[in-house]
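Here is the structure we will look at, set down as structure tokens.
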Amino acid sequence: MAATGKALAELERRWEEIQAALGAVGELRPGALVSRYRPCGKPTCHCAQPGDPGHGPCWSLTRVVGGKTVTKVIPAAAAARTQAQIAEHRRFRELARDLVEVGAQLCDARLKDAASQEAAQKGGSPRPSRRRRSARSRRSSDPA
């Protein structure tokens with residue numbers, strides 16, 4: 001029972017740790033940030049030369065909204081901040097997943113602890129009682 005108490009205390013500590021980390025979540029944004037290099041289409045521009053990557057990078061944020069993919073152009077000056085927001089969103093999702101997992105383990109541990117305390121209070125017999133034969137089975141064995 002002492003091991004169960006230690007495990008329960010460890011789960012409660014982990015639960016509080018995750019909650020504190022969730023409280024410290026900063027700006028977040030879902031999606032993926034992609035850099036693209038594209039030619040402008042002018043035949044005299046450097047991007048029209050073979051092997052030239054083109055103009056860029058042009059940043060775009062892609063995410064799914066209501067089952068549809070939505071792309072938004074992100075200014076180059078905001079690309080680093082957007083990347084940090086995406087990383088924070090990933091961290092948030094991981095913390096939420098951990099919170100659910102630890103919560104389920106904590107609930108199970110508390111149920112197990114309560115059940116063991118209830119069993120200790122009842123006392124219970126050390127061995128099960130023997131089954132008695134029913135009256136019907138005794139009648140069938142009598143030769144009458």
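The values are calculated or read from the model by the stated rules, or taken from the named source; none is laboratory data. Model, not experiment: these values are computed from the prediction. Cβ placement follows ideal geometry from the backbone for every residue including glycine, while neighbour counts extend to all protein chains displayed. These accessible areas exclude ligands, DNA and RNA; they are computed on the full protein's heavy atoms, side chains included. Shrake-Rupley method; radii C 1.70, N 1.55, O 1.52, S 1.80 Å.
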Considering region 57-70 alone, what residues qualify as being open to solvent by 80 Å² or more (accessible area, probe 1.4 Å) and polar (S, T, N, Q)?
THR69
Any chance VAL100 is open to solvent by 60 Å² or more (accessible area, probe 1.4 Å), among the aliphatic types (A, V, I, L, M) and not in a helix (DSSP H, G or I):
no
List every residue pair whose Cβ atoms lie under 7 Å apart, where the two residues are 6 or more positions apart in sequence or sit on different chains, the first residue falls within region 1-14 and is in a loop (DSSP other than H, G, I, E, B), and the second residue, located anywhere, is at pLDDT 90 or above and surrounded by 11 or more Cβ atoms within 10 Å (Cβ to Cβ).
none
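When region 30-56 is examined, which residues are found to be open to solvent by less than 50 Å² (accessible area, probe 1.4 Å) and of a type outside the set (Gly, Ala, Ser)?
The first filter runs over region 30-56 and keeps only residues open to solvent by less than 50 Å² (accessible area, probe 1.4 Å), leaving 30-33, 45, 47, 54, 56.
Across region 30-56, the qualifying residues are PRO30, LEU33, CYS45, CYS47.
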Does any residue of region 81-96 turn out to be surrounded by 12 or more Cβ atoms within 10 Å (Cβ to Cβ) and touching a helix residue (DSSP H, G or I) at 6+ places or on another chain (Cβ under 6 Å)?
yes
Any residue in region 55-70 that's more than 28 Å from PRO39 (Cβ to Cβ): show its pairings with residues that are modelled with pLDDT of 95 or more and not small (Gly, Ala, Ser) at Cβ separation under 9 Å, as long as the two are six or more apart or on different chains.
VAL64/PRO30; VAL64/VAL70
Picking from ALA119, ALA76, which residue would you name as being open to solvent by less than 80 Å² (accessible area, probe 1.4 Å), modelled with pLDDT under 95, over 20 Å from LEU8 (Cα atoms) and out of contact with any His (no Cβ under 7 Å at 6 or more places or on another chain)?
ALA76
Go through (1) among the charged types (D, E, K, R); (2) over 30 Å from CYS107 (Cα atoms); (3) modelled with pLDDT of 90 or more one by one and return the number of the condition GLU17 breaks.
(2)
Among the residues that make up region 20-29, is at least one of them open to solvent by less than 70 Å² (accessible area, probe 1.4 Å), outside any strand (DSSP E or B), at pLDDT below 90 and in contact with a His (Cβ under 7 Å, 6 or more places away or on another chain)?
no
Could you say whether any residue in region 25-42 is within 30 Å of SER116 (Cα to Cα) and over 20 Å from the mean Cα position of the chain (by Cα)?
no
